[in-house]
Amino acid sequence: MRTNSQQLRSSTWTASKINELIASEYPVFDKEKKEMRPIEYRDITVLMRSLPSAPVYLDIFKHEGIPAYSDRDEGYFRRIEVQVMLALLRIIDNPYQDIPLAAVLRSPIVGLQENELAEIRLAAVGEPFYEAVKKTITNEPRLRLSHRRPLTLKKSVKPIGGSENLCYSMSIFNSGVRGPNIPP
């Protein structure tokens, strides 16, 4: 478990990064207007491993002038957007996790269909799924994606660790439903 000083350092760093994004007017895609716009606080969600850290973050955010809300309801973590972001974080940590990798490839971030995942799997039978993805990227960089965005698989997967891609990825979900922690 984290000590209070670790929680304080982490929450202070997070608040600083949020303020940097806001101050720099980091561009995000507005799905309603179908255009890029400067990031707003409502575009940002902070996921935590444990809910006991939430009060420390809320105090720091309040001190830094960042509007924040903590949803202590575990149901929030069952939302599809949150599940995909958690899967993305898991594969950033270890890309050899087949289920989180397949979830991200199937999600709106990449947009592959089941048959495309099967093609990837067949590229390296008996090897980890991540190795099959790498072989597919090398041998067939242009899978026919069913997703509206004309991306190659290589462009979709290769830069997966960049924070700017994570911010962009969070803006492409089309659910249209906002929880109480994401003000309009």
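Do the conditions hold for VAL28, that is, is it in contact (Cβ under 8 Å) with a residue 40 or more places away in the chain and of a type in the set (A, V, I, L, M)? So VAL28 fits the description; yes. Taking the stated definitions as given, is ILE66 part of a loop (DSSP other than H, G, I, E, B), over 17 Å from PRO128 (Cα atoms), at pLDDT 90 or above and β-branched (Val, Ile, Thr)? Judged against the criteria, ILE66 is a match. The residues of the range 101-123 that are touching a residue at least 12 places away in the same chain (Cβ under 8 Å) and farther than 23 Å from ILE80 by Cα, listed by number, are GLU119, ILE120, ALA123.
The values are calculated or read from the model by the stated rules, or taken from the named source; none is laboratory data. These figures come from a predicted structure and were not determined experimentally. Here the Cβ is made from the backbone with ideal geometry for all residues, glycine too, and neighbour counts use every protein chain on show.
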